[in-house]
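To start, the structure itself, in structure tokens.
The values are calculated or read from the model by the stated rules, or taken from the named source; none is laboratory data. Remember, it's a predicted structure, so these values are computed and weren't measured experimentally. For neighbour counting, all protein chains shown are included, and Cβ atoms are generated from backbone atoms with ideal geometry for every residue, glycine included. Ligands, DNA and RNA are stripped out before the accessible areas are found, and what is left, the full protein with its side chains, is counted by its heavy atoms. Shrake-Rupley method; radii C 1.70, N 1.55, O 1.52, S 1.80 Å.
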Amino acid sequence: MYTQALNTAETDDRGLEDAGRAAQFQARIDAEERIEPNDWMPAAYRKTLTRQISQHAHSEIVGMLPEGNWITRAPSLRRKAALLAKVQDECGHGLYLYAAAETLGTSREELVDAMLAGKAKYSSIFNYPTLTWADIGTIGWLVDGAAIMNQIPLCRCSYGPYARAMIRVCKEESFHQRQGYEIMLTLCRGSEEQKAMAQDALNRWWWPVLMMFGPPDSTSQHSDTSTKWKIKRFSNDELRQKFVDATVPQAQYLGLTIPDPGMTQDADGHWRYSEIDWTEFKQVLAGNGPCNRDRIAARRKAHAEGAWVREAAASYAAKRAHRQTAQAAE
Amino acid sequence: MATPNTPLWEVFIRSRNGLAHKHVGSLHASDATMALQAARDIYTRRGEGLSIWVVPSTAITASDPTEKGMMFEPAESKIYRHPTFYEVPEEVGHM
Amino acid sequence: MATANIEVSETPLVLYALRRADDALILGHRLSEWCGHAPMLEEDMALSNIALDLIGQARELYSYAAKAEGKNNDEDKLAYLRDVRQYRNLLLVEQPNGDFAQTLVRQFFYSAFADLYWRAMMNSCDTTLAAIAAKSEKESAYHLRHASEWIIRLGDGTDESHARAQAAIDHLWAFTGEMFAVDDGERVLIHAGIAIDPGTLRGRWLQTLSDVASEATLVLPQNDWMQQGGRVGRHSEHLGHLLSELQSMQRTFPGLTW
């Protein structure tokens, strides 16, 4: 998902730590207790969470770019306001998540620097381009739909600050998917050209959206630890299947065709999708998607061009503190 | 070059008159005025607040979770502090 | 095939509403260009909030203009199907974002005016305009607070930020005169108690600017030669590019609902 590269969770190194404390820690997790920032935790738990939460935060921030690409071109004032509010929400979500990650002891600046240096991952989905207005509808409908699928279980994650951030995010995000679906519905009820635009967007986004849930369970070896720590509560394939089952009827309602001719419904009602192209997924994660370089370049540019502003604010704060100290001394 | 850290602030919001301020999250700002503005822009976009406090995160002193036993368990046995400890006949009415 | 421009019957009242609506939309659009690119996440949030306030004001004013005109126009036709020569906004608000200092100085100049303007307009005898003014005044008051705090920090921050803020003030100063100008049509509305005379606000506006500039160790220019033209559709070159982006969907796909 937004943290899909996490399937490389830290291996459990509790053997090196106090075995008694580790056992107590696991007992708390098993009893569904929440872990809070100052509590003792295994180093691998801290590291895994720092990485997962910061990846999630980076995804929100980089995720502003593909949709932000259409804020200035939204086709009506109502759509413009809704899209701007949505992209702004994503910024807010990134901010909540960085704050949650910081409670584990790494500063936001350090986390952001790692992302800008290309050392930290973000969701592969944001490395695809938004070419038409229908892409904005599709992202809201499918990308946010997939994200919600993943984020609802995270509201019960064992780490308190992450779970609380997710509750806030889920509450705010409830309008995002509806916004996207409404755009799709308008297109599908519109002209032939608009319907074609909607179908084209679905064709381009469908497979990358399925990849958002991460590699298949058969190949991800480290989910065990995350599951044991109750960071992850469902496997990649479980969530992916849940998403597909929820989405197919929505596509049917729109009159759109899922670009998977091999898709069938099984006896239990589940929609079985064809093999996903994992080579493409690996390439995109490795930095070779259509927009990876543009996305990082845009974030680096904003960061570099903002440096003098941040310096000015810091310098003013220092001057003012100095003046206040001087005044108090008089 | 590593980006210099901007101070971290904790944000508390009173959502309705009569309620206490509640911790809602954190943010980064260079000084208190900017922190207050940022808190307004980040945490009250959906009409969540009537009053905001911002506190430098460094100003918070927290209890040590490893001292939980010593800090909080002694209170658990003082059941006589709770009204249900005392028996009052029903006919006396609500008390 | 591109969609033709709509025609607008610009009675004094329609023109009045269009001018304010265009100010709000164009400035809101400019600020929305920052979303995802601000110097810090906290400012992405702040600038987007201001943009959303302004787009909201624009929508109410366009709807009012359409109603006052009484033809078949609506907020979207007015925003998306008028050409650069039909736009009536101040030259100030169409100026490019430039660096953060330029964006904030532009915001500061405009918000210091809008705050006073909408507060005075709350007494308009037109109840719709008075209601729009009451809502816009609260929003503008916050925009002014936000911009002022930044002007102070940029002016009294580092040498670089000071230089950038001063350069932005010097650059944008010539676009401020237009805010206080009034034409004959608008004078009729002023006499009727529908509009207020912005000329009366200039003293207080200047006072706000001087107070903030002095705390920010910045200097206001002495030059009082002012650029004019936005109110009658004689714009800078920048507006055409902005509109070609803003209107691209409506122009490429005529007459569709989105």
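Before moving on, here are some points about what is shown:
- Residue check for C:Gly185: over 21 Å from C:Arg19 (Cβ atoms), part of a helix (DSSP H, G or I), open to solvent by 20 Å² or more (accessible area, probe 1.4 Å) and away from chain A (no Cβ under 13 Å): no
- Enumeration of residues in the range A:81-105 that are touching a His at 6+ places or on another chain (Cβ under 8 Å) and either under 18 Å from C:His37 (Cα atoms) or of a type in the set (Phe, Trp, Tyr) (or both): A:Lys86, A:Asp89, A:Gly94
- Residue match in the range A:105-112 (condition: in contact with a Phe, Trp or Tyr (Cβ under 6 Å, 6 or more places away or on another chain), within 20 Å of C:Ala46 (Cα to Cα) and either modelled with pLDDT under 95 or facing chain C (nearest Cβ under 9 Å) (or both)): yes
- Some residue of the range C:141-159 being small (Gly, Ala, Ser), open to solvent by 30 Å² or more (accessible area, probe 1.4 Å) and within 13 Å of chain A (Cβ to nearest Cβ): no
- Residues in the range A:23-78 that are of a type in the set (Lys, Arg), within 27 Å of A:Arg108 (Cβ to Cβ) and in contact (Cβ under 8 Å) with a residue 40 or more places away in the chain: A:Arg34, A:Arg46, A:Arg51.
- Residue check, B:Met71 of a type outside the set (Asp, Glu), open to solvent by less than 100 Å² (accessible area, probe 1.4 Å) and within 9 Å of chain A (Cβ to nearest Cβ): no
- Some residue of the range A:105-128 being hydrophobic (A, V, I, L, M, F, W, C) and not in a helix (DSSP H, G or I): yes
- Output for the range C:1-55, where each listed residue is among the charged types (D, E, K, R) and more than 24 Å from A:Arg108 (Cβ to Cβ): C:Glu7, C:Glu10, C:Arg19, C:Arg20, C:Asp22, C:Asp23, C:Arg30, C:Glu33, C:Asp53
- Odd one out for C:Asn89 among (1) away from chain A (no Cβ under 14 Å); (2) over 30 Å from C:Leu256 (Cβ atoms); (3) in contact (Cβ under 8 Å) with a residue 60 or more places away in the chain: (2)
- Residue list for the range B:50-63, restricted to those being loosely packed, with under 10 Cβ neighbours inside 10 Å and part of a loop (DSSP other than H, G, I, E, B): B:Ile60, B:Thr61, B:Ala62
- Qualifying residue in the range B:17-36 (condition: in contact with a helix residue (DSSP H, G or I) (Cβ under 8 Å, 6 or more places away or on another chain), of a type outside the set (Phe, Trp, Tyr) and surrounded by fewer than 16 Cβ atoms within 10 Å (Cβ to Cβ)): no
- Residues satisfying the stated conditions in the range B:74-95, i.e. surrounded by fewer than 10 Cβ atoms within 10 Å (Cβ to Cβ) and part of a loop (DSSP other than H, G, I, E, B): B:Ser77, B:Lys78, B:His82, B:Tyr86, B:Glu87, B:Pro89, B:Gly93, B:His94, B:Met95
- You will find that of A:Asp39, A:Asp89, A:Asp30, the residue that is surrounded by fewer than 24 Cβ atoms within 10 Å (Cβ to Cβ), within 14 Å of chain C (Cβ to nearest Cβ) and acidic (Asp, Glu) is A:Asp89 and no other.
- Inspection of the range A:119-126 finds no residue satisfying the criterion of being within 14 Å of chain B (Cβ to nearest Cβ), touching a Pro at 6+ places or on another chain (Cβ under 8 Å) and open to solvent by less than 10 Å² (accessible area, probe 1.4 Å).
- Test: A:Tyr96 is under 17 Å from the mean Cα position of the chain (by Cα), at pLDDT 95 or above and not in a helix (DSSP H, G or I): no
- Considering residues of the range A:275-296 that are outside any helix (DSSP H, G or I) and open to solvent by 40 Å² or more (accessible area, probe 1.4 Å) only, the residue farthest from A:Leu65 (Cα to Cα): A:Glu275
- For first residues located in the range A:181-192 and β-branched (Val, Ile, Thr), partners that are in a helix (DSSP H, G or I) and lie 6+ apart or on another chain with Cβ distances below 7 Å form the pairs A:Ile183/A:Ile136; A:Ile183/A:Gly137; A:Ile183/A:Gly140.
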